[in-house]
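Data first, discussion second: the structure below is written as structure tokens.
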Amino acid sequence: MRALLSVSNKLGLIPFARELSNLGFEIIATGGTKKALDEAGIKTIYVEDVTGFPEILDGRVKTLHPHIHGGILAKRENQKHMEALKKLNIETIDLLCVNLYPFKETIKNPDVTLAEAIEQIDIGGPSMLRSAAKNNNDVYVVCDPADYDKVIEHLKNNSNDKNFKLQLAAKVFAHTASYDIAIANYFAKQINDDSNIFIEGKKVSNLRYGENPHQKACFYQIGEKESYSLANAKFLQGKELSYNNIADANAALMITSEFKEPFVVGLKHMNPCGAAIGKNNLEAWNKTYEADPVSIFGGIVCTNREVNEELALALKPVFLEVLIAPSFTDGAKKVLAKKKNLRVIEVEMSNISEETQYTSVHGGLLAQQQDIASYTTSLTKDMVVTDSNVDDNLLKDLEFAWKIVKHTKSNAIVLASNGATCGVGAGQMNRIGSLEIAYNEAVSFKHTDNLVLASDGFFPFSDCVEFAAKHNIKAIVQPGGSIRDEDSIKEANLNNIPMLFTGRRHFKH
């Protein structure tokens, strides 16, 4: 029996090779792998002694040879194949262990050159892996050090488990596909080519069901580990996350990523039902809860500060589905542990990335840049288009409302005061309808003092400004851009309401 070992990742190599040797395998090895095995006292055959041809071109060509691929690809039950091998003096290779040049790791370096990246594109490795995976009926093919012990166990038991070999082959094709996707995307980026899109997803978990119990669903991580991502979260306690939990929790995380100061958001069905900033997250939570103590029932809560025991005790009386924070103290964990069904999740919260956002449609896929404009754009008094200007306190509340409305389903209106939401109108077919909902909510919870208004899109008519004037709303921020902007500006001037145009809308569908 023969095994060929050629690995860039030497993790677990020595004990694996030693076990193979003890099982009677002759071990063929390439340069760096052979050196490591020789130093460990494991007998090896140099690959060029098998091919009868030296490595050339600085190691670019060493395994691309019939004595390698013939030994891997020959079907043992095919008499003609075996006769061909005998005639050409080619021996079979019964186990192949290869992992590839670290291309993905290389391109993570922002300073890497194209030439450096190209040198880390493996040619012989993927070719051998694909050959062995194709002939998995006869060859054990290993690309993951995590499988070394399983392979040895099967070999020791002489099981020749066809299903196990097929599992190894499937992992190989996934591995080489992932490798090729990384290369294809890297090259496309070099030439600004968006004619194709290649997405790699790694399953995080099976879900109990999708949006509804009759729909199957899974959760996948796309790309590398990201901040503000549930795919990399630490699940501390509670029931398994559902499809809707993940969708809502992600929306809460995206809102939270807008704020550097202590912040808490309560969210239901992809829309904020309450949100606030405070001197700490306990104060922010109290303001968030008071904004809408009804809708928060069964909601998602996310904060950008560590949850301590005091905050945990404040949260405890409220029925919540999910609680998210960057960390939890031991005291908080003890308090929350008494709510066994509450899902408690730690998520890294540092800088938000500009990763592409994907949305599936029937038979297609939409891709767009993340809407991260407000991370770098602040509201200023220069944006005022009315005769009346805003003071610093109003401007601060307008900016807070502008960040929240960005994450509210269109048509969206957010009313805010003192760094907290007072009313939210979301997903209506006309903008005045959203404003009426937001204001009625503010009235019902007695939050009508010093309100400011943020709209995710422009006002097509002056009706929203007229409503604001009748209900003592102090200031307005909107994108502007309607052919009837002057009607709204005129109405605002008549009622001494300062209004800002940002020049940027934030539709969210």
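Numbers at a glance
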read-out	value
Yes/no for residue 61 being buried (at least 17 other Cβ atoms within 10 Å of the Cβ), among the β-branched types (Val, Ile, Thr) and touching a residue at least 60 places away in the same chain (Cβ under 8 Å)	no
Pairs with Cβ under 6 Å, 6+ apart, first in region 216-239 and of a type in the set (D, E, K, R), second exposed (fewer than 14 other Cβ atoms within 10 Å of the Cβ)	239/341
Positions within region 87-116 being in a loop (DSSP other than H, G, I, E, B) and within 20 Å of residue 174 (Cα to Cα), in sequence order	100, 101, 102
Odd one out for residue 54 among (1) part of a loop (DSSP other than H, G, I, E, B); (2) under 37 Å from the mean Cα position of the chain (by Cα); (3) on the phi < 0 side of the Ramachandran plot	(2)
Any hit, region 23-31, residues being surrounded by 17 or more Cβ atoms within 10 Å (Cβ to Cβ), more than 40 Å from the chain's Cα centre (by Cα) and either over 22 Å from residue 144 (Cβ atoms) or basic (Lys, Arg) (or both)	yes
Region 225-264, residues that are over 16 Å from the mean Cα position of the chain (by Cα), surrounded by fewer than 19 Cβ atoms within 10 Å (Cβ to Cβ) and acidic (Asp, Glu)	240, 261
Residue 415 crowded, with 24+ Cβ neighbours inside 10 Å and part of a helix (DSSP H, G or I)	no
So residue 92, is it within 20 Å of residue 59 (Cβ to Cβ), among the polar types (S, T, N, Q) and either at pLDDT 90 or above or surrounded by 13 or more Cβ atoms within 10 Å (Cβ to Cβ) (or both)	no
Hey, residue 120 at pLDDT 95 or above, surrounded by fewer than 18 Cβ atoms within 10 Å (Cβ to Cβ) and more than 30 Å from residue 364 (Cβ to Cβ) or not	no
Out of 184, 233, 169, 177, sole residue that is of a type outside the set (Asp, Glu) and under 30 Å from residue 326 (Cα atoms)	233
Which numbered condition residue 101 misses (of (1) at pLDDT 95 or above; (2) closer than 18 Å to residue 33 by Cα)	(1)
Output for region 278-302, where each listed residue is farther than 15 Å from residue 419 by Cα and either of a type in the set (Ser, Thr, Tyr) or surrounded by fewer than 20 Cβ atoms within 10 Å (Cβ to Cβ) (or both)	293, 294, 295, 297, 298
All positions within region 339-358 that are within 20 Å of residue 257 (Cα to Cα) and out of contact with any Asp or Glu (no Cβ under 9 Å at 6 or more places or on another chain)	344, 345, 346, 347, 349, 350, 351, 354, 356, 358
Members of region 297-346 found to be touching a Phe, Trp or Tyr at 6+ places or on another chain (Cβ under 9 Å) and among the acidic types (Asp, Glu), listed by number	306, 346
Pairs, first in the same structural domain as residue 434 (by TED's automatic domain parsing) in region 271-284, second of a type in the set (D, E, K, R) and outside any loop (DSSP other than H, G, I, E, B), C-beta under 7 Å, six or more apart	none
Top-ranked residue of region 453-499 - restricted to ones that are of a type in the set (A, V, I, L, M) and more than 41 Å from the chain's Cα centre (by Cα), ranked as surrounded by the most Cβ atoms within 10 Å (Cβ to Cβ)	492
Some residue of region 64-86 being touching a residue at least 60 places away in the same chain (Cβ under 8 Å), within 22 Å of residue 10 (Cβ to Cβ) and part of a loop (DSSP other than H, G, I, E, B)	no
Residue check, residue 454 at pLDDT 95 or above and in contact with a helix residue (DSSP H, G or I) (Cβ under 7 Å, 6 or more places away or on another chain)	yes
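Here's the yes/no breakdown for (1) closer than 28 Å to residue 370 by Cα; (2) out of contact with any strand residue (DSSP E or B) (no Cβ under 9 Å at 6 or more places or on another chain):
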site: 246; (1), (2): yes, no
site: 252; (1), (2): yes, no
site: 263; (1), (2): yes, no
site: 267; (1), (2): yes, no
site: 272; (1), (2): yes, no
site: 283; (1), (2): no, no
site: 310; (1), (2): no, yes
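The values are calculated or read from the model by the stated rules, or taken from the named source; none is laboratory data. Since this is a predicted model, take the numbers as computed values, not measurements. We place every Cβ from the backbone using ideal geometry, glycine too, and count neighbours over all the protein chains shown.
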